[in-house]
1. Given the Cα-Cα distance of A6 and E103 and 0.36 nm per residue of separation, how much length would full extension add, in nm?
2. How far apart, in nm, are the 7 Å Cα→Cβ label points at N68 and S88?
3. Using a Förster radius of 25 Å, what is the FRET efficiency between S60 and M22 based on their Cβ-Cβ separation? Nearest 0.05, please.
4. Can you show me the helix-derived [θ] at 222 nm for the chain, built from DSSP H runs with n ≥ 4 at -39,500 (n - 2.57) apiece and divided by the number of residues, rounded to the nearest 500.
5. Please report, as a whole percent, how much of the solvent-accessible surface of the chain comes from carbon and sulfur atoms (probe radius 1.4 Å).
6. Below 8 Å between Cα atoms, with a sequence gap of 6+, how large is the relative contact order for the chain in percent?
7. Have a look at V37, V89, V14 and tell me which one the Gaussian network model of the chain (Cα, springs below 10 Å) gives the largest fluctuation.
8. Just the accessible area per residue of the chain, please: how many Å² with a 1.4 Å probe?
Amino acid sequence: IAVNYALSQWDRLVVYLDHAEMTPDNNRAENAIRPFVVGRKNWLFAGTPKGAQASADLYSLIETAKANGLEPYRYLRYLFEKLPFAQSVEDYQALLPMQLRVEDVALNDIVSGV
């Protein structure tokens with residue numbers, strides 16, 4: 001049955017041969033959400049919906065930083081140092097993990113003497 005299914009999906013299956021960056025599984029997504037699944041019982045005690053939203057926002061930033069090759073602690077430190085000076089939508093967007101390079105965040109450590 002599995003072989004028949006694979007053969008019936010052949011057009012979709014060979015897409016992976018043309019696009020090496022694609023994988024036939026969702027392991028990256030599952031690994032990214034694993035910390036949240038492990039901690040979900042703790043989040044029952046967020047206190048308020050706003051507290052739960054704040055936690056979700058923070059975890060989202062951390063996972064997005066990881067997905068973009070940034071070390072989370074350094075990214076958050078960079079973000080919290082630069083955030084008070086942001087004044088426009090463009091300023092805020094420039095602080096998103098996908099807009100930064102590892103060097104941008106690492107430079108912060110050199111400048112601050114860490």
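1. Numbers: separation 97, 0.36 × 97 = 34.92 nm, distance 4.39 nm.
Additional length available on full extension: 30.5 nm.
2. For the pair N68/S88, the computed spacing is 1.9 nm.
3. Details: r = 24 Å, r/R0 = 0.95.
It comes to 0.60.
4. Working: 8 runs with 78 residues, N = 114.
Estimated from H runs of four or more residues: -20000 deg cm²/dmol.
5. Details: 5500 of 9150 Å².
Reported share for carbon and sulfur atoms: 60 percent.
6. Details: 40 pairs, mean separation 19.9, N = 114.
Once divided by the residue count of the chain, the mean separation gives 17 percent.
7. Evaluated over the chain, the most mobile residue of the options is V14.
8. Values: 9150 Å² over 114 residues.
Value returned for the chain: 80 Å² of accessible area per residue.
The values are calculated or read from the model by the stated rules, or taken from the named source; none is laboratory data. What you are looking at is a predicted structure, and each value in this text was computed from that prediction instead of being measured. When we count neighbours, we look across all protein chains shown, and the Cβ atoms used for this are built from the backbone with ideal geometry, even at glycine. Remember, those area values only see protein heavy atoms, side chains included, never the ligands or the DNA or RNA. Shrake-Rupley method; radii C 1.70, N 1.55, O 1.52, S 1.80 Å.
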